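Trainee: Structure incoming, see below.
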Amino acid sequence: MTIRHFKKITKTDKFKLEVIKGAITAYATTVLKGQTVTNPADVAKYLNLYCKETKKEKPVALFLDSKNKVRGVQEIFIDNVNSTILSPAEILHEVLKYPTSRLILSYNYPSGDPAPSQAVIQSTKRLSEVCRLMGVELLDHLVVGDDQSCSIRSDYPELF
């Protein structure tokens, strides 16, 4: 295919593509709900499917019970022009919707490089503190990019 072929995409075609992307996201969510998460690779594999074709950072929270069974999956933050805003208030608002005692935060880097930025590291520390005060254990904060991932808990355990 050439660039010329892409110029012929209509509004209807774009709508159909969005429907397909939505179906993939719904499928990925359905697959994960009820599953027991045992390691960061489980979550990274799911997120690669969930976020595969997105061009923006897509922060996602996984809400787990005390046995690490996924009770809910929710996209949390709104992406702005410069960065993803990690809002403890928004996360805790979502936590109240699920019978959860544990939380895994994660998002993709469309650039493909899963190395966390300094802002992500600092927000993870803040979020961990807020979760602890609310009686919710932040198990990990994963960054996923191009079939690679970074577990902030593994790389920066002092933040937890």
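Trainee: What residues have an amide H closer than 5 Å to that of residue 75, excluding those fewer than 5 places away on the same chain, when H is modeled at 1.01 Å from N in the peptide plane?
Mentor: Close amide H contacts, sequence-distant or interchain: 61.
Trainee: Cross-link partners among aspartates and glutamates for residue 11, C-alpha distance below 19 Å, same-chain residues fewer than 8 apart left out?
Mentor: 53
Values quoted throughout were computed directly from the atomic coordinates according to the rules given, and no laboratory measurement underlies them. Note that this is a predicted model, so its numbers are computed, not measured.
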